[in-house]
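FYI, it's all coordinate maths here, none of it is from the lab. A quick note: this is a predicted structure, and the numbers were derived from the prediction, not measured. Cβ placement follows ideal geometry from the backbone for every residue including glycine, while neighbour counts extend to all protein chains displayed.
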Amino acid sequence: MAQTIRDTDSLETLRLLYPIFKEEVYRRRAAMAQIARQGSLFFVSLSLLTLLLPQERAIPPLLKGPACVAVALAASLLVIQIREEKLRHEKAKQQLITLEKGFQFFEAGSYLPNEPLYPPDWQKRPPVDPGMLISITALLATALLSILIILLI
């Protein structure tokens, strides 16, 4: 037979879960940025290495196509990984907002007189995440640069 959780137990459980979800939101956001940074650094390094190779050690013409496909595949896999981290970030963020609603952070008068502790617009998620958009754009731009350098050198 299942036992019901008392209100004090429920509140204590929420207090324990809140920092876990808050940390998860930050970790997922940091993971997205780290994937994009490392991918971009890799593609810039690949571009520089390709440019600095002596002409006699340049990529043979028969291998340029597969090299470009490999760069495109790596970029695609990195974008997919960033997208998965974004989905996990969104789930954790939504759960965090649910917990914050449970704590009445968005209700006026709960913690501060005549105003909420958190602004109500923090509950809304923007339709497009500018940070993720910039990260993916930088990643794809550096991958495209690598492909162009491979083809032209």
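Distance between the C-alpha centers of the stretch 82-109 and the stretch 116-153? Whole Å please.
When both Cα centres are located, 21 Å separates them.
By how many degrees, 0 to 90 and rounded to 10, does the Cα axis of helix 7-52 deviate from the longest principal axis of the chain?
10 degrees
Would you calculate a helix-derived [θ] at 222 nm for the chain, using -39,500 (n - 2.57) for each DSSP H run of n ≥ 4 and dividing by the full residue count, to the nearest 500? Walk me through the numbers before you get to the answer.
Values: 3 runs with 111 residues, N = 153.
Mean residue ellipticity, 222 nm, calculated: -26500 deg cm²/dmol.
Provide the gained length on full extension for the span Leu133 to Leu77, in nm with one decimal, where the gain is 0.36 nm per separating residue minus the Cα-Cα distance.
Answer, rounded to one decimal: 18.6 nm.
Using Cα-Cα distances under 8 Å and only pairs 6 or more residues apart, what relative contact order does the stretch 52-153 have, in percent? Spell out each step's value before the answer.
Values: 45 pairs, mean separation 41.6, N = 102.
The normalised contact order for the stretch 52-153 reaches 41 percent.
Please determine, in degrees from 0 to 90 and to the nearest 10, the orientation of helix 130-152 with respect to the longest principal axis defined by the Cα atoms of the chain, where the helix direction is its Cα long axis.
That helix lies at roughly 10 degrees to the long axis.
So, with +1 on the Cβ of K and R and -1 on the Cβ of D and E, and no other charges, what is the size of the charge dipole of the stretch 98-141 about its Cα centre, to the nearest 20 debye?
Details: 3 positive and 5 negative charges, 28 e Å.
Charge dipole, the stretch 98-141, about its Cα centre: 140 debye, nearest 20.
List the pair-distance distribution P(r) of the chain, using every Cα-Cα distance, as the percent of pairs falling in each 5 Å bin from 0 up to the bin containing the longest distance, rounded to whole percents.
Bins of 5 Å from zero give 2, 8, 13, 13, 12, 10, 9, 7, 7, 5, 5, 4, 3, 2, 1, 0 percent of pairs.
Sticking with the crude label model, points 7 Å out along Cα→Cβ, report the distance from Leu11 to Arg88 in nm, one decimal please.
Rounded to a tenth, the inter-label distance reads 3.4 nm.
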